[in-house]
Amino acid sequence: MIIRKSPLLLAFAALLAGCAGVSEETVRVDPVELQQPEMATGLQKREGTVHENFAVAAANPLAAEAGKQILQQGGSAVDAAIAVQLVLGLVEPQSSGIGGGGFLLSWDGEHLVAWDGRETAPQGAIPELFLDAEGQPLPFNDAVATGSAVGVPGLLAMLEAAHEEQGELPWAVLFEPAIRLAEEGFEVSPRLHQMLAADSLLPKNPASKAFYYTQEGQPLATGTKLTNPALAQVYRGLAEQGSAFFYQGAVAVNLLEAVQNTKIKPSSMTQDDLRNYRPVAREALCASWLKHLVCGFPPPSSGQLAVMQILGILEILNKEDTASRDNFYSPSGLHWYIEASRLAFADRAQYVADPDFVEPPGDDWLSLLQPEYLQERAKQIIPVTLGRVDAGRPGSLETGLAPQPNQPEHGTSHISIIDSQGRGVAMTSSVEQAFGSRILVDGGTGLPGGYLLNNQLTDFSFLPEDDEGRPIANRVEPGKRPRSSMSPTLVFNPESEELIASLGSPGGAAIIHYTAKTLLGMLQWQLSPQEAVELPNLANFNSTTLLEKGRFESYLVLSLEARGQEVVEKDLTSGIQALLVTPQGILGGADPRREGRVSGE
């Protein structure tokens, strides 16, 4: 795709003499920049909600209702999150499920824990996993629907670990809503139908085709009553025996057979890889912003670091252009945000990966958020675009790592919960691309249905090193967790230590922008969660600027182009869930771009 610089640029640049020059030459836009995680399926009207005691925001009404039921039974926020996730794996299989992983940020009123259930690479994985015979990166879609794309699933082990420490109801009780829906059936939603219709890879898997399509090969129609006997039986085994039922025995054998016997690039995963998987309880990464304490996930997620770099740089710039919603959605306001994003994504590409495999710059991930460092980065921003920028140096030592080239990140789901005791959860889970690897497994039950396996290893850099032989931090290595953009976020009042917000979104690398936008809306511009969620989306990954199609007036596009920005308008399908504690109650917002709902009382 070719995009030419706007002719307005010359006139604008003349007015900005003394600033860095901007080339007028034709720019080729990398198509990777334009790929989005999940297709748009239209907007659904949403109304903001207010709840006195508790609230559950999830990507599907049935899942939100399951969380509500658990809280009504006296469950904790973690209990409710588990029940919500189990239902999502059934009714929204394109985005998350027990064949994938996730990050769960949990506050129990005293302790904040970042539960890492990210998938891991098998011990047999090699750095060249996604290179072809000539040593070139495989086309992304050629790598997705293969056994080698499947990481060792971490979701169930993570949920079980969190429940052991912060759950209140018995583990088996949390499975009841999902088992009931799997056995009695649920209606195929409009979004699931449209995604089945649009996916070309899923019907190539015989089990997936037999379950999600008619005998004539048509996607199941909206409203079709769908049961999932295989998943119901797997859930019953998990309810009775815990996560060991998944990582050992017939379920594990069934999973291994599926990934080891794919026609293209079978997996090296073994029983030991499954048996030895462990979730990690990490220390949350917290930063001050606008008198709030914003807490999120540390690496292997890049989300919190990038979000807080963007917001921190904007705070340092202290521009009137970003002080209100109307000022932000102006040529100047958007420009400052885009340029701050370039700087954050440059650091992300250079430094962030599994912390068990790479050292943080300056020996501390928080070095990327230090005021002095952000001030240094903010000074680089000028009224015309910087173009593609390099990573900064927050520490004294120069890195020997190469920046990772851009490549797609895909489908996820987000859950936000605040219970009646002020405890909260922000959890983002994923199978990576929509429908993951497209490999549907029945858990060895021999029954129709089952669960989909992730393609999460394609979140690693396909290239292990650059042309100079410098290693890329996020390259494939045995036992390693791929870098993520998932940004489950909890916000606190630092004086009272009370939880005031829970939020997050699906959306691949754009999760970072969706989360930052919502934080700006709720906490700086004093909007309700629903108003903040519905604001127009934009994204920049240190390259092309993406604006949500149909949401930006033409003069804004022309003005950004005049500043040297390469602009593409396209669907930006976020799925933000957000809760905000106010004197009026818990305010909830669910993204109209998907099927999310807020439920509570």
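The values are calculated or read from the model by the stated rules, or taken from the named source; none is laboratory data. Here the structure is a predicted model, which means the values were calculated and not measured. Note that each Cβ is placed from the backbone with ideal geometry, even for glycine, and that neighbours are counted across all protein chains shown.
Of (1) within 19 Å of the chain's Cα centre (by Cα); (2) under 30 Å from VAL476 (Cα atoms), LEU369 satisfies all except one. Which?
(1)
Every residue in the range 228-249 that is surrounded by fewer than 17 Cβ atoms within 10 Å (Cβ to Cβ), closer than 18 Å to GLY100 by Cα and either touching a residue at least 60 places away in the same chain (Cβ under 8 Å) or out of contact with any Lys or Arg (no Cβ under 8 Å at 6 or more places or on another chain) (or both), please.
Of everything in the range 228-249, just one residue is surrounded by fewer than 17 Cβ atoms within 10 Å (Cβ to Cβ), closer than 18 Å to GLY100 by Cα and either touching a residue at least 60 places away in the same chain (Cβ under 8 Å) or out of contact with any Lys or Arg (no Cβ under 8 Å at 6 or more places or on another chain) (or both), namely ALA244.
List the residue pairs whose Cβ atoms are under 9 Å apart, where the first residue sits in the range 352-376 and is on the phi > 0 side of the Ramachandran plot, the second is modelled with pLDDT of 95 or more, and the two are 6 or more positions apart or on different chains.
GLY362/LEU368; GLY362/GLN370; GLY362/TYR373
Please note which helices (runs of 4 or more DSSP H) are completely contained in the range 256-358 and include at least 3 residues that are crowded, with 19+ Cβ neighbours inside 10 Å and out of contact with any Asp or Glu (no Cβ under 9 Å at 6 or more places or on another chain).
303-317, 331-351
If we only count helices (runs of 4 or more DSSP H) wholly inside the range 42-144, which ones have 3 or more residues that are touching a strand residue (DSSP E or B) at 6+ places or on another chain (Cβ under 9 Å) and buried (at least 24 other Cβ atoms within 10 Å of the Cβ)?
Fully inside the range 42-144 and qualifying: 61-72, 77-91.
Go through the residues of the range 442-451 one by one and say whether even a single one is under 21 Å from GLY102 (Cα atoms) and either free of Cβ contacts under 8 Å to residues at least 12 places away in the same chain or in contact with a Ser or Thr (Cβ under 6 Å, 6 or more places away or on another chain) (or both).
No, because not a single residue in the range 442-451 is under 21 Å from GLY102 (Cα atoms) and either free of Cβ contacts under 8 Å to residues at least 12 places away in the same chain or in contact with a Ser or Thr (Cβ under 6 Å, 6 or more places away or on another chain) (or both).
For the range 165-208: of the residues being without any contact (Cβ under 8 Å) to a residue 24 or more places away in the chain and part of a loop (DSSP other than H, G, I, E, B), which is nearest to VAL87 (Cα to Cα)?
Filtering the range 165-208 for residues that are without any contact (Cβ under 8 Å) to a residue 24 or more places away in the chain and part of a loop (DSSP other than H, G, I, E, B), the one nearest to VAL87 (Cα to Cα) comes out as PRO170.
Can you name the number of the only condition in (1) within 30 Å of VAL144 (Cα to Cα); (2) crowded, with 17+ Cβ neighbours inside 10 Å that PRO405 fails?
Only one criterion in (1) within 30 Å of VAL144 (Cα to Cα); (2) crowded, with 17+ Cβ neighbours inside 10 Å is unmet by PRO405, namely (2).
Among the charged types (D, E, K, R), without any contact (Cβ under 8 Å) to a residue 12 or more places away in the chain and either in contact with a strand residue (DSSP E or B) (Cβ under 9 Å, 6 or more places away or on another chain) or crowded, with 24+ Cβ neighbours inside 10 Å (or both): which single residue out of ASP419, ASP467 fits that description?
ASP467
Could you tell me whether any residue of the range 384-401 is modelled with pLDDT of 95 or more and polar (S, T, N, Q)?
Scanning the range 384-401 turns up at least one residue that is modelled with pLDDT of 95 or more and polar (S, T, N, Q).
Within the set of pairs 6+ apart or on separate chains, which have a first residue in the range 269-281 that is free of Cβ contacts under 8 Å to residues at least 40 places away in the same chain, a second that is in a helix (DSSP H, G or I) and buried (at least 16 other Cβ atoms within 10 Å of the Cβ), and C-beta atoms under 7 Å apart?
Listed by first residue and then by second, the contacts come to GLN271/ALA252; GLN271/LEU256; ARG275/TYR247.
Can you tell me which residues in the range 503-524 are more than 16 Å from GLY424 (Cβ to Cβ) and either part of a helix (DSSP H, G or I) or aromatic (Phe, Trp, Tyr) (or both)?
Result: GLY508, ALA509, ALA510, ILE511, ILE512, HIS513, TYR514, ALA516, LYS517, LEU520, GLY521, GLN524.
So the check is Cβ under 7 Å with 6+ separation or different chains; which pairs have a first residue in the range 283-302 that's in contact (Cβ under 8 Å) with a residue 24 or more places away in the chain and a second one that's in a loop (DSSP other than H, G, I, E, B) and of a type in the set (Asp, Glu)?
PRO298/GLU283; PRO299/ASP354; PRO300/ASP354
Any idea which of (1) closer than 23 Å to GLN565 by Cα; (2) modelled with pLDDT of 95 or more is the one GLY303 doesn't satisfy?
(1)
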